Amino acid sequence: MNLRHVAALALVDWYLTTPPISLKGADGSAPLSSWHIEAAYDNAGECDSAQVRSQKVAKKSDLPDTVKRPLIQAMDLSQCVASDDPRLKAN
């Protein structure tokens, strides 16, 4: 790996993304370009840890069930995605 590749990898952030959500539920089949970027992280490990924490927080929340169920579903479908992932760009 040359210095350019190392520099390019250093510029990649990781996004915790969630699918579009409504009171009917989360749409995990929606294209990734329509998903919400919840937060950005310096590396995949930080993003994965945040994803697990977010899933736990959603399950413990005191929100009404009509809100809590879709939120839990969205967090269960959430993904950590590299900022340079081409699926993030709208077609």
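Counting just the residues of segment 47-87 that are among the acidic types (Asp, Glu) and assigned to a helix (DSSP H, G or I), which one comes out farthest from Asp13 (Cα to Cα)? Among those residues, the one meeting the criterion is Asp65.
Residue-level check: of (1) within 21 Å of Arg69 (Cα to Cα); (2) touching a Leu at 6+ places or on another chain (Cβ under 9 Å), His36 misses just (2).
Looking only at residues in segment 53-91 that are acidic (Asp, Glu) and free of Cβ contacts under 8 Å to residues at least 60 places away in the same chain, the one that is surrounded by the fewest Cβ atoms within 10 Å (Cβ to Cβ) is Asp62.
The number of residues in segment 21-65 being under 17 Å from Ala90 (Cα atoms) and under 11 Å from the mean Cα position of the chain (by Cα) comes to 4.
Checking the structure you have, find out if any residue of segment 36-51 is of a type in the set (Asp, Glu) and in contact with a helix residue (DSSP H, G or I) (Cβ under 8 Å, 6 or more places away or on another chain). Yes, there is a match, as at least one residue in segment 36-51 is of a type in the set (Asp, Glu) and in contact with a helix residue (DSSP H, G or I) (Cβ under 8 Å, 6 or more places away or on another chain).
Read-outs throughout are calculated quantities, based only on the coordinates presented, and are distinct from any laboratory measurement. Note that the coordinates shown come from a computational prediction; the quantities given were computed from them, not determined experimentally. Don't worry about glycine lacking a Cβ; one is built from the backbone with ideal geometry, like all the others, and counts go over all protein chains shown.
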